[in-house]
Amino acid sequence: MTSGLLPDLDTLRTREFPWEARGEAIHFDHASVGPLPQRARDAVDAFGVKRAEPHRLRAEDFNPILERARSLSAEMIGANASEIALTTNTSWGVNLAAYSLPLGPGDIVLGSEGEFPANVYPWMAAARARGFTFELLPLAGSATDEEAVLRRVEGDPRVKGVALSWVSFWSGARIDLSRIGTACRARGIWFAVDAIQGIGAARLDVRTMPVDMLACGAQKWLCSPWGSGFAYVREGLIASLEPPAAGWLAQASSGDFGAFLDYDPAWHMDARRFEVGTIPYQDIVGMNESLSLFLELGLEPVERHVRTLADRLVAWAEATPGIRLLTPADPAHRAGIVSVVTSDVHADSKQLHATQVTHSVREGAIRLAPSFHNTLDEVDRVIGALGR
Ligand SMILES: Cc1ncc(COP(=O)(O)O)c(C=O)c1O
């Protein structure tokens, strides 16, 4: 075993990613879409059979699936299951924050340039609808300018909220959630985080990283089906927040299938008040299996593994003339994404595709995003392909 890597990697790959163990492709594109482990595929397939023939569905195919998903999601981030609302994507979680946190005319919410649109447009729309101001701070190089955020949080009383991505989708730069969250908490202002590019690659623990609301689709680093994800809402906040949308499952009365017509609009007292209506069970079934794999492997070993792979990419990029590293070299300021600008990004991307290396080109850079099931040998092969 190479230090830093997960033990029994071959066994894991053969069992959960057999196509990868056979060498069919090198998947370095978790920042776009994560592969489904075999256990998730099997669960989705088995559920699909029951779904197609509903007489096969049993009570355990409904609520228990959702309860398990909230527990597993909570465990991933050190939260309580009562603080988790299941969502179908990240955008909905961002909207929950933008439309339900107490904000109004005269208030400013700080964002940053360079943010993925899912963490910009909901805030712009909510600002228009609710009368607050959404302001994008300029970047510091390829990263959010944390010093500028802190200066404004600490020195501008109009600032009532901060809305940032934990990890940048294009540069891979990671912000210091503890630092910004602690400053927000000290001023009693809101901190909302889009965490989709980090959770699954690095550890996020809300017990040490003070966040008020967090949004995370599970389709990327969490290797789960499209349509699965979760939002976290801090315990002490939930009861005071009015959900921006109503349905029939967000109410405390929704559990009583014998009394639908006794309308009682009182919300659930936990984060289920944000869940609105029917959740895509077939996707959540897959997410449950994927999250259980992460938790079995251990979040710390997974983080170490991903960092070991990313470290090698960073070391290569730094040592290679003609390659510009967009991602901060300091491991504390990155997670799983390593973005590089080569002398000919288009040709290099073509070369990677020709050698079955899945990756993305974002903002003029080649974005490499390996995860817990990738190997150092794969990293070396990707480096080799880029060396041409
Ligand atoms: C930072 C960030 N947020 C959100 C998303 C996706 O949003 P959604 O899950 O709503 O499709 C992406 C996808 O690229 C992203 O990089």
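The values are calculated or read from the model by the stated rules, or taken from the named source; none is laboratory data. Everything quoted here is computed from the prediction, not taken from an experiment. Cβ coordinates were reconstructed from backbone atoms using ideal geometry, including for glycine residues, and neighbour counts include every protein chain displayed.
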Which helices (runs of 4 or more DSSP H) does the range 1-118 wholly contain that include 2 or more residues that are of a type in the set (G, A, S)?
38-52, 63-77, 90-100
Please find, among E296, E378, E318, E303, the residue that is surrounded by fewer than 17 Cβ atoms within 10 Å (Cβ to Cβ), of a type in the set (D, E, K, R) and either over 30 Å from R41 (Cβ atoms) or in contact (Cβ under 8 Å) with a residue 40 or more places away in the chain (or both).
E318
Looking only at the range 367-388, filter to residues that are more than 15 Å from Q356 (Cβ to Cβ) and in a loop (DSSP other than H, G, I, E, B); which one of those is nearest to the chain's Cα centre (by Cα)?
S371
E115: out of contact with any Lys or Arg (no Cβ under 9 Å at 6 or more places or on another chain) and either crowded, with 20+ Cβ neighbours inside 10 Å or of a type in the set (S, T, Y) (or both), yes or no?
yes
Among (1) free of Cβ contacts under 8 Å to residues at least 12 places away in the same chain; (2) touching a strand residue (DSSP E or B) at 6+ places or on another chain (Cβ under 6 Å), the one test that P157 misses
(2)
Please state which one of E67, E83 is touching a strand residue (DSSP E or B) at 6+ places or on another chain (Cβ under 8 Å) and either surrounded by fewer than 24 Cβ atoms within 10 Å (Cβ to Cβ) or more than 30 Å from I366 (Cα to Cα) (or both).
E83
Find all pairs meeting these conditions: Cβ atoms under 7 angstrom apart; at least six residues apart or on different chains; first residue within the range 184-211 and within 16 Å of F116 (Cβ to Cβ); second residue part of a loop (DSSP other than H, G, I, E, B) and modelled with pLDDT under 95.
none
Could you go through the range 254-272 and let me know if any residue there is within 16 Å of N95 (Cα to Cα), outside the structural domain of L368 (by TED's automatic domain parsing), at pLDDT 95 or above and of a type in the set (D, E).
no
Go through the range 27-42 residue by residue and tally those that are under 12 Å from S292 (Cα atoms) and touching a Gly at 6+ places or on another chain (Cβ under 7 Å).
1
From G258, G236, G277, G286, residue being outside any loop (DSSP other than H, G, I, E, B) and either surrounded by fewer than 19 Cβ atoms within 10 Å (Cβ to Cβ) or β-branched (V, I, T) (or both)
G236
Return the residue satisfying two criteria in turn: it lies in the range 321-353 and is crowded, with 17+ Cβ neighbours inside 10 Å and hydroxyl-bearing (S, T, Y), and of such residues it is farthest from the chain's Cα centre (by Cα).
T342
In the set V193, V211, which member is within 12 Å of the ligand (Cβ to nearest atom) and surrounded by 24 or more Cβ atoms within 10 Å (Cβ to Cβ)?
V193
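Residue-wise test of (1) away from the ligand (no atom under 16 Å from the Cβ); (2) closer than 22 Å to L295 by Cβ.
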site: L57; (1), (2): yes, no
site: A81; (1), (2): yes, yes
site: L96; (1), (2): no, no
site: G114; (1), (2): no, no
site: N119; (1), (2): no, no
site: A126; (1), (2): no, no
Determine if the range 216-226 includes at least one residue that is near the ligand (Cβ under 9 Å from one of its atoms), within 19 Å of L86 (Cβ to Cβ) and polar (S, T, N, Q).
yes
Condition check: in a helix (DSSP H, G or I), more than 16 Å from the ligand (Cβ to nearest atom), of a type outside the set (G, A, S) and more than 25 Å from L291 (Cβ to Cβ). Does V149 satisfy that?
yes
Filter the range 162-180 for residues that are over 14 Å from A329 (Cα atoms), away from the ligand (no atom under 11 Å from the Cβ) and touching a residue at least 60 places away in the same chain (Cβ under 8 Å) and give the result.
A163, D176
For the range 128-137, name all the residues that are touching a strand residue (DSSP E or B) at 6+ places or on another chain (Cβ under 8 Å), surrounded by fewer than 19 Cβ atoms within 10 Å (Cβ to Cβ) and either small (G, A, S) or more than 17 Å from L101 (Cβ to Cβ) (or both).
L136
Given the conditions (1) among the aromatic types (F, W, Y); (2) within 16 Å of the ligand (Cβ to nearest atom); (3) within 14 Å of G286 (Cα to Cα), every one holds for F28 apart from (3)
